[in-house]
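K.L.:
Mind looking over this structure? Questions follow.
Please treat every number below as a calculation from the coordinates, not as lab data. Note that the structure is a prediction, hence the values are computed from the model and not measured. Glycine also receives a Cβ, built like all others from the backbone with ideal geometry; neighbour counts cover every protein chain displayed.
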Amino acid sequence: MNWFRTVGARLSLALLVVVAGVLAFVYLIVVPSLQDRLVGSREDQMATVAHRVADSFGQTPTLDDLALRFASATNTRVTICEISTRTPLDLVCIADQGAGGAVGGIDNDPIANRAAMTLDNARGVVTRGGRQYAEAAMPAKTTHVVLVSSSIEDSLSSVTLVKRRLLISALIALAAALGLGYGGARLFARRIHRLEQAAERIASGKFDEPIEDSSPDELGELARAFERMRQRLAGLEHARREFIANASHELRTPLFSLGGHLELLVDEDLDEATRREFLGRMREQVDRLTKLAGELLDLSRLDAGRLRVDRDPVDFARVAELLVDEFESVAQGSQHGLEPQIDCTVTGLGDEQRVLQIGRALVENALRHTPTGTRVRVGVGHENERAVLSVEDDGPGIAPDEAVQVFERFYRGDGGARASGSGLGLAIARELAEAMHGEIGLTSAPGRTTFTLSLPAASGTSSPTIE
């Protein structure tokens, strides 16, 4: 992989750009601003001294004394020039004193010339003899110009030193940012790589190795989401394998039974009663195969989103009666009590055949997974403006850890011989209910378990509330 395309390189370069941008801002904006402030402050000082000198005209015996007095007091150079009346305008230096005494005159100074021409204050920076000076000039009694100057080399040297140290610090900071950024990014990228490897393992169907990352950051949250997905997929894979084994058994048993009965039917010595008994058993096995095939077909259609459901008024009372009539013989054979609880008319919006299919799954589940002698009641009612079909039994109940799994595909529960079937009935029932804008609920406690199908109620229904 190209190094520049790695997360570590990109994060390092991003950090490098941020640090370089900050340093460039400091170098190009802050440092020049500092230099301007230092020079401006020095010019202000010079202007103050020039104003005081101009106000002190006539207070000393000579102008040299005046210049020397302020030059010594302020450690500046004070120059007093006379404005010549000749044309063009000319300045004649008549006093020029530094802190240590007289110095050479200043000829043709641009700041002094500007003050003389405009008879107004002037200030600026000039270069003499390769050195830079801050100057301020002020007219005095319209006949003279006071020029005060001071070297700013020390200030500029400080600024230059700051720039040099800033450049050195910038190089160190950039190197440190690059190193620390790349090192931190490598650690970050290593965690991403571990997640990538985990995703590859999951994609290849290996769910045995857990994904561990205890960090509280976003990657840690992502890793924990991956772990939940791994556990979920591992459970589904385990259920799928169990389903294949169960489906194979479910298919093999009726096929073997059909094969055995066909061989027996070939025997010409069978009496008519025995032959009819065999044909009845063969029909049962065919029905069993048909039911399993129908469940698998419904499941594939639900997954593909191609299952069509109607939204017509459905008489829940009629559905409950049909369910009781259909399973009455089954309940008697398993020594269960099966009775309807219909006190009123309840009409919901849905597909009647699919509602019957859901009801069959709920009743069959109650008869299959409860002990003999259990009473099963099929009722109808109304709850929060929704039509409700309920299947209630007084069996031992469903354990809380199993209650959250009963609607999962392929889940068959525990319980030995009672844990039969394909494990698809309740899962298909829930998805069918959702396809009709409804839902299936479950409440369970020892001595009472209730499955409810609720669908939007059609207008004009009236019934008691389901408790």
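K.L.:
How would you classify segment 226-340 from its alpha-carbon gyration tensor, with a ≥ b ≥ c the square roots of the eigenvalues: rounded for a/c under 1.5, else prolate if a/b is greater than b/c, otherwise oblate?
P.N.:
On the way: a/c = 2.26, a/b = 1.32, b/c = 1.72.
Because a/c hits 1.5 or more and a/b fails to exceed b/c, segment 226-340 counts as oblate.
K.L.:
Enumerate the aspartates and glutamates that Lys141 could reach by cross-link, defined here as Cα to Cα under 19 Å, with residues fewer than 8 away along the same chain left out.
P.N.:
In chain and number order, the partners are Asp55, Asp64, Asp65, Glu82, Asp90, Asp96, Asp120.
K.L.:
With a Förster radius of 56 Å, plug the Cβ-Cβ distance of Ala176 and Arg69 into 1/(1 + (r/R0)^6) and report the FRET value to the nearest 0.05.
P.N.:
Efficiency for this residue pair is about 0.55.
K.L.:
Moving on. Can you check what the net charge comes to around Ala198, using other residues whose Cβ is under 10 Å from the Cβ of Ala198 (Lys, Arg +1; Asp, Glu -1)?
P.N.:
-2
K.L.:
Here's a follow-up. Among (i) 86, 57, 40; (ii) 156, 56, 41; (iii) 70, 48, 42, only one was calculated for this model; which label is it, if the read-out is Cα extents along the principal axes in Å?
P.N.:
Computing Cα extents along the principal axes in Å and matching it to (i) 86, 57, 40; (ii) 156, 56, 41; (iii) 70, 48, 42 gives (ii).
K.L.:
I would also like to ask the following. Which angle between 0 and 90 degrees, to the nearest 10, do you get for helix 425-435 versus the longest principal axis of the chain when only C-alpha atoms count?
P.N.:
Between the helix axis and the principal axis of the chain, the angle is about 60 degrees.
K.L.:
Something else about it: Net charge near Ile211: determine it from the other residues with C-beta under 13 Å of the C-beta of Ile211, scoring Lys and Arg +1 and Asp and Glu -1.
P.N.:
Overall, the nearby charge balance is 0.
K.L.:
Within straight cross-link reach of Lys163, meaning Cα distance under 20 Å, which aspartates and glutamates are found once same-chain residues fewer than 8 apart are removed?
P.N.:
Excluding near neighbours in sequence, the set is Asp36, Glu153, Asp154.
K.L.:
If I stretch the segment between Glu284 and Phe57 completely, what's the gain in nm (0.36 nm per residue apart, minus their alpha carbon distance), one decimal?
P.N.:
Full extension from Glu284 to Phe57 adds 68.6 nm.
K.L.:
Would you mind calculating the gained length between Val404 and Asn108 on full extension (0.36 nm times residue separation, minus the Cα-Cα distance), in nm to one decimal?
P.N.:
Values: separation 296, 0.36 × 296 = 106.56 nm, distance 9.87 nm.
Contour length minus the Cα-Cα distance gives 96.7 nm.
K.L.:
Relative contact order of segment 303-375: what whole-number percent is it, with Cα pairs under 8 angstrom and at least 6 residues apart?
P.N.:
Over segment 303-375, the number comes to 45 percent.
K.L.:
Now for a separate question. Mind ordering 71-77, 187-193 by average Cβ neighbours within 10 Å, highest first?
P.N.:
71-77, 187-193
K.L.:
Which one, Ser155, Ala173, Met282, projects farthest toward the positive side of the charge dipole computed for segment 155-307 from Cβ point charges (K/R +1, D/E -1)?
P.N.:
In segment 155-307, that residue is Ser155.
K.L.:
Would you mind calculating the gained length between Gln353 and Ala225 on full extension (0.36 nm times residue separation, minus the Cα-Cα distance), in nm to one decimal? It would help to have the intermediate numbers written out before the result.
P.N.:
Working: separation 128, 0.36 × 128 = 46.08 nm, distance 3.91 nm.
Going from the current span to full extension adds 42.2 nm.
K.L.:
Out of all DSSP beta bridges in segment 296-392, what portion is antiparallel? Express it as a percent rounded to 5.
P.N.:
Within segment 296-392, antiparallel bridges account for around 70 percent of the total.
K.L.:
Which residue, chosen from Met46, Leu292, Ser204, occupies the Cα position most advanced towards the positive end of the dipole of the chain, where the dipole is computed from +1 (Lys, Arg) and -1 (Asp, Glu) charges on Cβ about the Cα centre?
P.N.:
Met46
K.L.:
Please name which of Val355, Gly425, Gln59 has its Cα lying farthest along the dipole of the chain towards the positive end, using unit charges on Cβ (Lys, Arg +1; Asp, Glu -1) and the Cα centre as origin.
P.N.:
Result: Gln59, furthest along the dipole toward the positive end.
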